[in-house]
Amino acid sequence: MERYKIINEVGNGTFGNVWRALNKQTGEVVAIKKMKKNYYSWEECINLREVKSLRKMNHPNIVKLKEVVRENDFLYFVFEYMDCNLYQLMKDRAKLFSESEVRNWCFQVFQGLAYIHRRGYFHRDLKPENLLVSQDIIKIADFGLAREINSQPPFTEYVSTRWYRAPEILLQSPIYGPAVDMWAMGAIMAELFSLRPLFPGSSEADEIYKICSVIGTPSKREWAQGLQLASAINYQFPQIAGVDLALLIPSASEDAISLITSLCSWDPCKRPTAVDALQHPFFQSCFYVPPSLRTKTAVAKTPPAVMRGALEQKCDKWSFGSLPNPKPSSNFSTVTSKVPINTVTRVTGVQRRLDMNYQEPMGSDKSLKGSVNQQPKYRPPVRNVPMVGSGVTTRAISDAAEKLANVSIGSGRGRPTKQPVFKPMKAGGWHGQHDLFHGRSQELLPGRSYSRKVAG
Ligand SMILES: Nc1ncnc2c1ncn2[C@@H]1O[C@H](COP(=O)(O)OP(=O)(O)OP(=O)(O)O)[C@@H](O)[C@H]1O
């Protein structure tokens, strides 16, 4: 790591501290994330979700992981540097963002998500802190919780940050998928318009309460499976009518409200995919969705047998398995070029480094050593807004059912007395694997009635 000169700290997440640094050889400014946990073997490092998923991603709206270095039992990720995160942009703002600013950011994030989902991953911890911005460009960061779509459920070892956590996760569904990212995007989009979180729950039970207060209690017709999930954990939804989103977010246009409403559908099957979202009228003025992405919307794969059964979701538009071949189809109208893959590992004394300049093709779980291959390179659509593109948190949800079951919330009962403040708050995340959890304390932001550290 002596090749880098540290400039200043830019972030302190649950898993690592992030610094702005200068590559002394190239003059390039980078972001270095030093993981808080020690890593005693290289194998441990390359098996990390953040490494396994990010090394397969090459998209303008996903933060680029440049290299991974293990030195003196510490693990460092070197990323391209981004100016700030979306939460930082929102927190001190008095003036609302314009609709076109929100549209341009969301369009880029959906492009990144369409790419991630199509490559067989979902992020699982989208929140404003994990969306990094440099000028007009926004990129998805922090793939610590990213999950392969075709990995075997049940997914119990972690969940996303509470305020952006999808109801199926809150209700302990052992099966969930990319639709959780779409829920999070609905909440983030609403927050971008109003500069306040849409569902700022102070506990898991309060989170569901907050959701019901906004979108109304789900009926059997709306989300039969959700009612089953709730009854499986002895949870009773509070009976609330919900509110008119247009009144709650008066600065958003009808199209924006329509998109937020469909993203924040109780039933994951009713949420649009990222590709669907890109084609929503809200993005009418955004020019281009690659045809290959558009056609993939209709692709339905049979979920693995383990995903069927009691909790079967007839959710054809969501592909539960990774697509066998990520190669863009020939009707991909932007030019695709091939880049050589040359993932390199090397040992230099105490240092072992994984260079990320080249990536291995999706779906390959080959050893990192000396793999040489070719991969179609993603080219962004031609549009007048530059596009670019990463984060994740975890928590064991072992006691959540108990918590929810014990907190029966009827209207007016159990509701926190504090009202949400009309200011953005910093969301924290749960990192339930205790060996990874470093006990960041609750941070109470001055003058705000809620902590944005929303563990639990
Ligand atoms: N590439 C980058 N460029 C600039 N800042 C970054 C970059 N990556 C991360 N940061 C900053 O550091 C913060 C923490 O990074 P990150 O989310 O990766 O860490 P973490 O430990 O996984 O956090 P979390 O608690 O959200 O899980 C981000 O919110 C962001 O402000």
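Taken about its Cα centre, segment 84-283 carries a charge dipole of about 120 debye when Lys and Arg each add +1 at the Cβ and Asp and Glu each add -1 at the Cβ. With R₀ fixed at 22 Å, the C-beta to C-beta distance from SER253 to ALA94 puts the FRET efficiency at about 0.55. Think of a 1.4 Å ball rolled over the protein heavy atoms: segment 4-80 then has 39 Å² of accessible area per residue.
Going from most exposed to least, what order do ASP92, ASP136, ASP181, ASP142 have by accessible area with a 1.4 Å probe?
Values: ASP92 115, ASP136 95, ASP181 0, ASP142 30 Å².
So the residues, ranked largest to smallest area, are ASP92, ASP136, ASP142, ASP181.
Taking amide H atoms as placed 1.01 Å from N in the peptide plane, the amide H of TYR121 lies under 5 Å from those of ILE149, each 5 or more residues away in sequence or on another chain. Over 25 Å apart at the Cα level, from the set LYS5/LYS36; LYS56/LYS270; LYS64/LYS270; LYS37/LYS64; LYS127/LYS220, are LYS56/LYS270; LYS64/LYS270; LYS127/LYS220. Note on LYS24: accessible area approximately 120 square angstrom, rounded to 10, probe 1.4 Å, nucleic acids and ligands left out.
Name all residues of segment 74-88 having a backbone nitrogen under 13 Å from the label point set 7 Å from the Cα of LYS5 along its Cα→Cβ direction, giving them as ranges. Those under the cut-off are none; the list is empty. Close amide H pairs (under 5 Å, H built 1.01 Å from N) link GLY11 with VAL18, residues at least 5 positions away or on another chain. Here GLN239 and GLU44 are evaluated by their C-beta separation; at R0 = 45 Å the FRET efficiency comes out at 0.40. The calculated FRET efficiency for ALA224 paired with PHE74, based on their beta-carbon distance and R0 = 45 Å, is about 0.35. Put a plus charge on the Cβ of each Lys and Arg, a minus charge on the Cβ of each Asp and Glu, and nothing anywhere else: the dipole of segment 4-80 about its Cα centre is then about 140 debye. The alpha carbons of segment 84-283 give a radius of gyration and a Dmax of 15.9, 48 Å, in that order.
When VAL10, VAL68 are compared by accessible area of protein heavy atoms, the largest-first order is VAL10, VAL68, using a 1.4 Å probe.
With every protein chain left in place, what is the accessible area per residue of segment 84-283 in square angstrom, probe 1.4 Å? Don't jump to the answer; show the numbers that get you there.
Values: 5770 Å² over 200 residues.
About 29 Å² of surface per residue is accessible.
For GLU67, the residues whose modelled amide H falls within less than 5 Å of its own, excluding neighbours fewer than 5 places apart on the same chain, are VAL78, MET356. Heavy-atom accessible area for PHE77, with the other protein chains in place and a 1.4 Å probe, reaches approximately 0 Å². When every Cα-Cα distance of segment 4-80 is counted in 5 angstrom steps from zero, the calculated P(r) takes the values 3, 16, 25, 26, 20, 9, 1 percent.
The values are calculated or read from the model by the stated rules, or taken from the named source; none is laboratory data. Note that the structure is a prediction, hence the values are computed from the model and not measured. Cβ sites come from the backbone with ideal geometry, for glycine too, and all protein chains shown count toward neighbours. Please note that ligands, DNA and RNA were not included when accessible areas were found on the heavy atoms of the full protein model with its side chains. Shrake-Rupley method; radii C 1.70, N 1.55, O 1.52, S 1.80 Å.
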